[in-house]
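Worksheet: the structure to be examined is printed underneath.
The values are calculated or read from the model by the stated rules, or taken from the named source; none is laboratory data. Treat the numbers as computed from the prediction; the structure is a model and nothing was measured. Backbone-built Cβ (ideal geometry, glycine too); neighbour counts: all protein chains shown. The protein model used for the area step is the full one, side chains on, heavy atoms only, and it has no ligands, DNA or RNA in it. Shrake-Rupley method; radii C 1.70, N 1.55, O 1.52, S 1.80 Å.
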Amino acid sequence: MDTGTELLVLHTLRCIGYAELSRVARVAGLGEDDTESVLIDLAVDGLVIREFGGWGLTGKGRAEDARRISEELDAAGARGAVTLAYERFLVLNPELLDLCSAWQMRGSEVNDHSDPDYDERVLRRVEDLNERADDVLTVLPRFTRYRVRLNSALDEVRDGRIEH
């Protein structure tokens with residue numbers, strides 16, 4: 001595996017924490033076989049650990065992720081752009097969290113999705129946020145997986161799969 005794929009898997013674990021192989025692969029946007037191969041290589045290097053059927057970073061892995069991310073930013077000349085994108089993300093993230101809550105809950109009640117008008121209003125707001133996130137999600141190539149995941153989730157909901 002190339003070092004870009006290693007960084008992707010390493011940073012995925014940094015973002016999601018301890019997780020099963022299938023989740024790491026899904027979030028990283030890789031196949032499970034490729035992800036498992038990378039995780040084994042990272043484990044041999046002492047950067048990740050497998051316990052109780054899941055994978056997590058070691059202290060050495062956290063430090064290595066920070067080092068590789070810093071190198072990636074410098075190599076791409078993107079540190080300033082990523083810093084600005086992160087500042088824009090900090091504005092969008094609370095809104096995204098609120099929208100996720102609005103999809104799952106209506107006030108203090110679980111949203112049973114029996115009110116299509118309510119669900120449609122929430123979805124329109126998510127789609128609007130999705131469009132406004134473009135400049136954040138295009139700064140580095142590895143950020144595009146977030147766009148893919150968000151679009152996939154919206155497509156699933158629009159296709160009637162609302163269990164998420």
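Tabulated data
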read-out: Count - residues of segment 33-74 that are within 13 Å of Leu13 (Cα to Cα) and outside any helix (DSSP H, G or I); value: 9
read-out: Residue pairs meeting the criteria (Cβ under 8 Å; at least 6 apart or on separate chains; first at pLDDT below 85, in segment 73-87; second open to solvent by 90 Å² or more (accessible area, probe 1.4 Å) and not basic (Lys, Arg)); value: none
read-out: Hey, Glu71 open to solvent by 40 Å² or more (accessible area, probe 1.4 Å), of a type in the set (Asp, Glu), over 18 Å from the mean Cα position of the chain (by Cα) and farther than 17 Å from Thr5 by Cβ or not; value: no
read-out: Search result, residues across segment 38-72 that are polar (S, T, N, Q) and at pLDDT below 95; value: Ser70
read-out: Hits in segment 132-164 (condition: farther than 30 Å from Leu10 by Cβ, among the charged types (D, E, K, R) and part of a helix (DSSP H, G or I)); value: Arg158
read-out: Which numbered condition Arg88 fails, given (1) touching a helix residue (DSSP H, G or I) at 6+ places or on another chain (Cβ under 6 Å); (2) among the charged types (D, E, K, R); (3) open to solvent by 100 Å² or more (accessible area, probe 1.4 Å); value: (3)
read-out: Filtered residue count, segment 17-60, keeping only those that are surrounded by 15 or more Cβ atoms within 10 Å (Cβ to Cβ) and either of a type in the set (A, V, I, L, M, F, W, C) or touching a residue at least 60 places away in the same chain (Cβ under 8 Å) (or both); value: 17
read-out: Segment 105-123, subset among the charged types (D, E, K, R), within 18 Å of Arg161 (Cβ to Cβ) and assigned to a helix (DSSP H, G or I), residue least open to solvent (accessible area, probe 1.4 Å); value: Asp119
read-out: Selection within segment 1-33 - touching a helix residue (DSSP H, G or I) at 6+ places or on another chain (Cβ under 7 Å), acidic (Asp, Glu) and under 20 Å from Phe143 (Cβ atoms); value: Glu6
read-out: Any hit, segment 148-161, residues being open to solvent by 40 Å² or more (accessible area, probe 1.4 Å), modelled with pLDDT under 90 and on the phi > 0 side of the Ramachandran plot; value: yes
